[in-house]
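**Student:** Mind having a look at this structure? Questions to follow.
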Amino acid sequence: MSVTHAPIVIPAALITEFTWSTPRFDGFKVLDLACGSGRNGAWFLAQGAEVTFIDRDLSAMSRIEHANARKYQWDLEAESVSPLPIAEYDIVLVFNYLHRPLLPQIAASVKPKGIIVYETFTWQQAEIGRPRNPDFLLTENELKSAFANWQPLHYFEGLLSDPLTGHASFKAQLIAQK
C-alpha cells in the first residue's frame, strides 16, 4: 500500500481505540462511505481487509493504491446514484457525514452479524462551529434510534476533542452489530 501523506493514515480514534474481536481483518469486506481522504478505510486495508471507498470527490485519496482497494466516485445524494449493495459488507464506516435518506441503504448494506461504525455531528455542534445546517446534524439519540434493532457495542454522544489538533466537536458515535 502506498500512503505517503500523514493525515491520510491517521484513522479516527473511535476505530483505533475500540477493542475489536479480531486482531486482523483478512477477508473482511469494508465500506468507507463518504470517505474523504480514506484514512479510516486505509487502516482496515493495512489490517488485511478488502476496502471499498466511496466519495463524491476522490482527489484527496489519490495516494492510496492497493490491490484490495476499490474506489468509486459517487455523489451519494444524487437521485441517479446506484443503490448500495445489500448485505455486502462486514463493516461499514461513516464519519462526518449525514444524509438521512441514505440511512436505510447503509443499514441494508451490512451483512448479518456485520458492524456499523458511525460518527458524525450532533445538533449541539451549531453552537460552537460548523456544520450549522440542521440537515447535517443529528438530533439527540437519533443515531442510536436509526440502528435501534442492532446490538450496540459502543455509543457516545457529547463533546469530543481531537487528540492531534485539540479541536472540539459535538458528535455521536455508534458501533453496533446487525
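The values are calculated or read from the model by the stated rules, or taken from the named source; none is laboratory data. Remember, predicted model here, so these are calculated numbers, not experimental data. Backbone-built Cβ (ideal geometry, glycine too); neighbour counts: all protein chains shown. Areas reflect the complete protein model, heavy atoms only, side chains present, ligands, DNA and RNA absent. Shrake-Rupley method; radii C 1.70, N 1.55, O 1.52, S 1.80 Å.
**Student:** Can you give me the convex hull volume of the Cα atoms of segment 56-144, divided per residue and expressed in Å³?
**Tutor:** Working: hull volume 10.9 nm³, N = 89.
Convex hull volume per residue, Cα atoms: 123 Å³.
**Student:** Whole Å is fine, so just give me how far the alpha carbon centre of segment 144-163 lies from that of segment 72-113.
**Tutor:** Spelled out, the Cα-based centre of one part sits 18 Å from the other.
**Student:** Cross-link partners among lysines for Lys71, C-alpha distance below 17 Å, same-chain residues fewer than 8 apart left out?
**Tutor:** Within reach: Lys29.
**Student:** Something else now. Label Asp135 and Ala148 with points 7 Å out from Cα along Cα→Cβ: what is the distance between them in nm?
**Tutor:** Here the answer is 2.6 nm between the modelled labels.
**Student:** If you roll a 1.4 angstrom probe over the protein chains with everything in place, what fraction of the accessible area of the chain belongs to carbon and sulfur, to the nearest %?
**Tutor:** Working: 4700 of 9220 Å².
Carbon-and-sulfur percentage of accessible area, whole number: 51.
**Student:** Calculate, for Ala108 and Ile10, the FRET efficiency according to 1/(1 + (r/R0)^6) with r their C-beta to C-beta distance and R0 35 Å; round to the nearest 0.05. Show your work: numbers first, answer last.
**Tutor:** Details: r = 30 Å, r/R0 = 0.86.
Efficiency at R0 = 35 Å is approximately 0.70.
**Student:** Then there is this: Rounded to the nearest whole Å², what accessible area per residue is found for segment 3-145 with the 1.4 Å probe? Don't skip to the answer; put the middle values down first.
**Tutor:** On the way: 7180 Å² over 143 residues.
Accessible area per residue: 50 Å².
**Student:** In whole Hz, what ³J(HN,Hα) sequence does segment 128-134 give by Karplus (6.51, -1.76, 1.60; θ = phi - 60°), x for Gly and Pro?
**Tutor:** So the Karplus estimates, Gly and Pro as x, are 10, x, 8, x, 10, 5, x Hz.
**Student:** I would also like to ask the following. For the pair Glu88 and Ala168, how long in nm is the line joining their label points, each one 7 Å along Cα→Cβ?
**Tutor:** Distance between the two pseudo-spin positions: 4.0 nm.
**Student:** Follow-up question, since we're still on this one. For Arg56 paired with Gln177, estimate the spin-label separation in nm (one decimal), with each label point 7 Å from Cα along the Cα-to-Cβ line.
**Tutor:** Here the modelled spin labels are 3.6 nm apart.
**Student:** Rounding to the nearest 20 debye, state how big the charge dipole of the chain is about its Cα centre with +1 on each Lys and Arg Cβ and -1 on each Asp and Glu Cβ. It would help to have the intermediate numbers written out before the result.
**Tutor:** Values: 15 positive and 19 negative charges, 59 e Å.
Computed charge dipole of the chain: roughly 280 debye.
**Student:** Arranged from highest to lowest average of other beta-carbon atoms within 10 Å per residue, in what order do the peptides 52-61, 99-108 appear?
**Tutor:** Details: 52-61: 17.8, 99-108: 15.0.
The most tightly packed comes first, giving 52-61, 99-108.
**Student:** Same structure, new question: Which of the following values of volume of the Cα convex hull per residue in Å³ was calculated from the structure shown: (i) 105; (ii) 183; (iii) 115?
**Tutor:** Calculated volume of the Cα convex hull per residue in Å³: the matching label is (iii).
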